[in-house]
Every structure is written in structure tokens, then in C-alpha cells.
Amino acid sequence: MPAVSVSSADRVFVLTGAGVSAESGLPTFRAEDGLWAGFRVEDVCTPDAWRRDPAAVWAFYSARRAQGQSAKPNPAHLALAELEAQIPSRFFLCTQNVDDLHERAGSANLIHMHGELAKSRCEHECGSPPVEDRAVYAGLDDVPRCACGGRLRPHIVFFGEIPFEMPRIEREISLSTLMLVVGTSGNVYPAANFVHWARQAGARTVYIGPERPLNAPAFTEIVEGKAGEVMPGLFRIDN
Ligand code: NAD
């Protein structure tokens, strides 16, 4: 397989999606039927679902927490951490994933644009910051309340909410010369647009995954295969 070359002038922006964690045993979101781990996203991942049935939302995210805690980083997470270690000041990782497998693999300069499973925050915008919370709640009565009286909700960007840190993401994309996109179907916006923004800024754009994403024509290169199989040894650093 041809290597992806990273030159001393390159700044790398990486976008990962559910596919990068698939080989760690975490189910992807199946866009065609709107199911994630067997649940309809409308029932468990939307502001409306939270208003209607917070118990169902917490049951879903508690199950994701339990599953995430027993999963381990796979060779794709490790390959990205290794790439960052070689070019630390020219590397930025943006993940759509809510698991913490990139951190556990050693990635440091990263943001979770769709939130983090290991945190909770007040359901109201009362000004309290998100808190570390890895609890697996047996029922809604166990979920703590904020000092303001609001219930804690998962620190997750529900479908229909605005992703975190968009200005920083836009700035990093505009500075990058190489965009690597791993394991994302190109269905969820605005992330599906990042490749177009990178192309407009003149970057090379490489997709890595077993099937072509919906936005495949925007990539200058497609590396077909499972991320954990094709990513170790994929990058050639020309310093
Ligand atoms: P998606 O589930 O819509 O698409 C998954 C993509 O991964 C597909 O294109 C598939 O071909 C690819 N894929 C499957 N196995 C792969 C492998 N071994 N290596 C590389 N690619 C592989 O994912 P999405 O586009 O990230 O959108 C899902 C949304 O749901 C995200 O916004 C995310 O927040 C959320 N989600 C998160 C997790 C997680 O945190 N692990 C898991 C599922 C869904």
C-alpha cells in the first residue's frame, strides 16, 4: 500500500468518526436506518428526547459509558498518537467520537466536537462547568442535580445542537495542508463539510475506511480498509 507522505512543511488536521473505534468493539452509528447500538437516535440523542424521557437518554448513555470503559484503543488510535508524537506542533485531532480512546492511546492535542461520555453538565445554561462523571446510573433517581436545581445531563452534543469549539476547528482547518479523515460516513454535519473547507484552503485530503463515504469526491486520496489494519506504518514523515 502506498504511504501517505507528511513533509516538514505540512500541518495535519485529523477528523475521526465512529469507524476509528469500531475495531475496539464500539458500535458505529448506522446512518441508513438511524440506529446507534440498536436505538433510534431520535429516542435517545436529541434535545426533544431529553425533554420527553431523560430516563431513556441516561439509560442509553450509561450503557455507552459501561461499554466504553471496557474497550481498549486499537492500532488506529495508536497510529494517530504516534504521528502526533513525531510532529507535535503541526498536528491537531478533532474527533466526533464521545469515547476517550484517543486520549488513552496517547493523543494530546485533541478536541471532542460532539462532547465526552466521561463528563456531565447541568441541563440548564446556569454557568456551571461540565464535571468529570463516569457513573453508570441504574435509574434517573441516582442522577445528581446541579446546585441550581437542574438535572445533570450527559456532556454530549445531541443531534440538532451546535458542536463545540467550531471557531477553533475552522481556524485549524484553514491552517492545515493535509487533512486525514478516518471512519466517518459523511452523513453528520457540519463535520461532513470539513473536507470541503480544507480543499478550498488548498489542502490534500485523505480518507481512510473500508467503504467510500458520502462525500468521497472531495478527497484527493482514498485508502480503503479497516483503520486498525491499514494505519500502522501508513505515514512517511519526510523531515
Ligand atoms: P457513522 O457511524 O455514521 O459511520 C461510521 C463509518 O465508519 C462508516 O463510514 C464505516 O464505513 C466506517 N467504518 C466502519 N468500520 C471501520 C473501520 N474498522 N475502520 C475505519 N472505518 C470504519 O459515524 P460518524 O460519521 O462518526 O457519525 C456518527 C455520530 O454518532 C458521530 O457524530 C458520533 O458522535 C456518534 N457516535 C460516536 C461513537 C463513539 O464515540 N465511539 C460511536 C457511534 C456513534
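Values quoted throughout were computed directly from the atomic coordinates according to the rules given, and no laboratory measurement underlies them. Please read these numbers as outputs of a predicted model, since none were measured by experiment. Every residue, glycine as well, gets a Cβ built from its backbone with ideal geometry; the counts of neighbours run over all protein chains shown.
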Using the Kirkwood radius over Cα pairs of the chain, the Stokes-Einstein translational diffusion coefficient at 20 °C and 1.002 mPa s, in µm²/s and rounded to a whole number, is 116
Bounding extents of segment 1-89 in its principal axis frame from Cα atoms, largest first in Å, are 52, 27, 25
Each label sits 7 Å from Cα toward the beta-carbon; between residue 89 and residue 211 the label points are separated, in nm, by 4.3
Taking each pair of distinct Cα atoms in segment 101-239 once, what is the resulting Kirkwood hydrodynamic radius in Å? 17.6
Calculated FRET efficiency, residue 200 and residue 138, Cβ-Cβ r, R0 45 Å, to nearest 0.05? 0.40
Folded to 0 to 90 degrees: helix 166-175 orientation relative to the chain principal axis, Cα: 0
Taking a temperature of 25 °C and a viscosity of 0.890 mPa s, what whole-number D in µm²/s does Stokes-Einstein yield for segment 1-44 with Rh from Kirkwood over alpha carbon pairs? 183
For the pair residue 145/residue 42, report the inter-label distance in nm, with labels modelled 7 Å from Cα in the Cβ direction. 3.2
Check which residues have an amide H placed less than 5 Å from residue 237's amide H, if you skip close sequence neighbours. 6
Could you tell me the relative contact order of the chain? Use alpha-carbon pairs under 8 Å, at least six residues apart, and round to a whole percent. 27
Return a whole-number percent for the relative contact order of segment 75-213, with Cα pairs under 8 Å and 6 or more residues apart as the contact set. 18
Cα convex hull of segment 156-221, projected area averaged across orientations, nm²: 4.6
Compute for segment 39-119: radius of gyration divided by Kirkwood radius, i.e. Rg/Rh, restricted to C-alpha atoms, rounded to two decimals. 1.08
